[in-house]
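Written out below as structure tokens is the structure these notes cover.
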Amino acid sequence: MGLVTRFAPSPTGYLHRGHAYSALTAFEAARARSGRFLLRIEDIDATRCRPDYEAAILDDLAWLGLTWEEPVRRQSEHMATYHTALEDLRQRGLVYRCFRTRRELDIGRAPHEHQTPFRGAPLPRLEEEARLARGEPFAWRLSLEAAAEALSGLEPLSFFEAGSGPAGEQGWIRACPDLAGDIVLARKDVGVAYHLAVVVDDALQGVSDVIRGEDLFEAAHVQRLLQALLGLPTPTYRHHRLLTGPDGKRYAKRDKAQSLRDLRASGVTAAALRHDMGL
Ligand code: GLU
């Protein structure tokens, strides 16, 4: 079977050179192996995603010369599927309610940003009931302790890195999901968290190779654990280096001057951009 890969941007801003590199790398890998290239719009966070950004993403990718299979999978249209997965974990006692305030939670950040590991436990039943009765908001967290029990230890979990992690990690990598702590899988304003939606979608879409920037290498450790708990297949991971700008810093969405649409408006061609990126 040929390689199946995807580009999975979140419509929270305009695409920049770094996104172009990632999308082209995945697209070319699929083409080289007569594989399939999918586009997935990761728009679960309605507080940050905008339809005009999504339209701009499609526009920019077409300008780059990419084609993808239709229909495009939009995560916001599949919330029920992610909730089924969450409910499965909940019924098996693998998640617990966490009432810490938003400020205390490791959420609201992009998946590649550093998160403080948090380990907790369910509240005593009476306290939990009282808080629920008062209508206090809570998040569902994955319990690493319960996960370790369910899998009889986290030791044997591993994934294959066919690219390279930030420290040159390659080959079979032992997953260390404990580095991320008890991750948030759902919260009140955003019904499901990134990691859960990603593993469910990668499996449902038959993704064989996850090709993305090395800033998401840590995410693979957590995603490997979720795959094990949900009985989902583990794709091969191919993390790639991150492009850096003239200042040596990696491109970021807030750096508007580097957006693909600005480059295009200033007369840069897609061919010149590819050449610049060594593709
Ligand atoms: N939606 C994520 C992002 O834009 C990428 C997720 C992934 O490739 O696994 O950073």
Legend entry - Order by protection proxy (mean Cβ within 10 Å, highest first), peptides 11-18, 199-206: 11-18, 199-206
Inset, instruction - Residues in the stretch 218-252, backbone N under 15 Å from the label point at GLN170 (7 Å along the Cα-to-beta-carbon vector): list them, ranges by number please. - result: 237-241
Inset, instruction - Please state, as a whole number in µm²/s, the translational diffusion coefficient that the Stokes-Einstein equation yields for the chain at 20 °C and 1.002 mPa s, with Rh defined as the Kirkwood radius across alpha carbon pairs. - result: 108
Legend entry - Built amide H within the under 5 Å cut-off of PHE138, gap 5+: LYS188
Inset, instruction - Taking H placed 1.01 Å from N in the peptide plane, check which residues at least 5 places from GLY181 or on another chain put their amide H under 5 Å from its amide H. - result: PHE118
Legend entry - Cα-projected label distance for GLU128 with ARG241, points at 7 Å along beta-carbon direction, nm: 4.8
Inset, instruction - Count the net charge of all other residues whose Cβ sits under 15 Å from the Cβ of GLU129, scoring Lys and Arg as +1 and Asp and Glu as -1. - result: +1
Legend entry - Value of relative contact order over the chain, rounded to a whole percent, pairs C-alpha under 8 Å and six or more apart: 25
Legend entry - Computed [θ] at 222 nm, helices only, for the chain once each DSSP H run of length n ≥ 4 contributes -39500 (n - 2.57): -10500 deg cm²/dmol
Legend entry - Leading residue at positive end of dipole, the chain (Cβ point charges), from GLY120, VAL200, ILE41: ILE41
Inset, instruction - Could you order peptides 216-223, 172-179, 48-55, 237-244 by the average number of other Cβ atoms within 10 Å of their residues, highest first? - result: 216-223, 237-244, 172-179, 48-55
Inset, instruction - Take the alpha carbon atoms of the stretch 122-194, find their center, do the same for the stretch 12-67, and report the distance between the two centers in whole angstrom. - result: 27
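Every read-out reported here was derived from the displayed coordinates using simple, explicitly stated rules and does not represent laboratory data. Being a predicted model, the structure only gives us computed values, none of them experimental. Here Cβ is always computed from backbone atoms with ideal geometry, including for glycine, and neighbour counts include all displayed protein chains.
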